[in-house]
Amino acid sequence: MSTDTNPSSAPDPDGSAPPGGLRPKHSLAEWYCALGRVATVVLMIVIFFVALAPREVLPTVEGWNDKVEHFIAFGVLSIGISLYWRLSGWPVAAILTCYGVLIEVAQSFTPCRQASLFDVAADIAGIAMGLLLHALVRRASRSVLGTGALS
């Protein structure tokens, strides 16, 4: 018998008892959420180390300002935190703004990098856009599906 099940004598919502009286411990949605949380944390770690790496060793996109990179990275992080931690608005903005400031402080102690308030501004703009995008998609999913499918 698998160790990832909980015994339960309660019937399923349709009135039938599960085979052998066992139910899965975690639903697919819970696994999806856990995987999303891990991916968001891994992305935060990668962003932190990339932000401290010398520019010469990083791939570049011709014609892109590094503020675009900040905007995209923090937009994606704000969507990830909103979606997988089920936080929204100010808590997400506060967490990620502090994270952006932490990166800039760390860069000020790195010989090959320098801190910039413009980077923090790009981070905040990306956070705002990510939160707005997440809210719009959540609202659209509620109106189309009639539920909070993406909360």
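The values are calculated or read from the model by the stated rules, or taken from the named source; none is laboratory data. No experiment lies behind these values; they were computed from the predicted model shown. Cβ placement follows ideal geometry from the backbone for every residue including glycine, while neighbour counts extend to all protein chains displayed.
With (1) in contact with a Cys (Cβ under 9 Å, 6 or more places away or on another chain); (2) in a helix (DSSP H, G or I); (3) not polar (S, T, N, Q) as the list, and G75 as the residue in question, which single condition is left unmet?
(1)
Is there a residue being in a helix (DSSP H, G or I), out of contact with any strand residue (DSSP E or B) (no Cβ under 8 Å at 6 or more places or on another chain), among the hydroxyl-bearing types (S, T, Y) and surrounded by 11 or more Cβ atoms within 10 Å (Cβ to Cβ) anywhere in segment 109-123? Working first, answer last.
Kept after step one, since they are in a helix (DSSP H, G or I), are these residues of segment 109-123: 117-123.
In the following step, the residues that additionally are out of contact with any strand residue (DSSP E or B) (no Cβ under 8 Å at 6 or more places or on another chain) were identified as 117-123.
Checking the rest, the ones that are also among the hydroxyl-bearing types (S, T, Y) come to none.
Checked segment 109-123: no residue is in a helix (DSSP H, G or I), out of contact with any strand residue (DSSP E or B) (no Cβ under 8 Å at 6 or more places or on another chain), among the hydroxyl-bearing types (S, T, Y) and surrounded by 11 or more Cβ atoms within 10 Å (Cβ to Cβ).
Restricting the search to segment 34-45, which residues are closer than 16 Å to I79 by Cβ and either among the charged types (D, E, K, R) or without any contact (Cβ under 8 Å) to a residue 12 or more places away in the chain (or both)? Explain how you work it out, then say what you get.
At the first step, the residues of segment 34-45 found to be closer than 16 Å to I79 by Cβ are 35-44.
L35, R37, V38, V41, V42, listed by residue number.
Yes or no: segment 68-86 includes at least one residue that is of a type outside the set (A, V, I, L, M, F, W, C), loosely packed, with under 13 Cβ neighbours inside 10 Å, at pLDDT below 95 and within 29 Å of L28 (Cα to Cα). I'd like the intermediate steps shown before the answer.
From segment 68-86, those of a type outside the set (A, V, I, L, M, F, W, C) are 69-70, 75, 78, 80, 82, 84, 86; that's our starting set.
Applying the additional criterion that residues be loosely packed, with under 13 Cβ neighbours inside 10 Å yields 86.
Still in the list and also at pLDDT below 95: 86.
Within this subset, residues satisfying the condition of being within 29 Å of L28 (Cα to Cα) are 86.
Taking every residue of segment 68-86 in turn, at least one turns out to be of a type outside the set (A, V, I, L, M, F, W, C), loosely packed, with under 13 Cβ neighbours inside 10 Å, at pLDDT below 95 and within 29 Å of L28 (Cα to Cα).
List the pairs whose first member sits in segment 84-113 and is in contact (Cβ under 8 Å) with a residue 12 or more places away in the chain, whose second member is part of a loop (DSSP other than H, G, I, E, B), and whose Cβ atoms are under 7 Å apart, counting only residues at least 6 apart or on separate chains?
R86/S151; E104/A115; E104/S116; Q107/R113; Q107/Q114; Q107/A115; C112/P54
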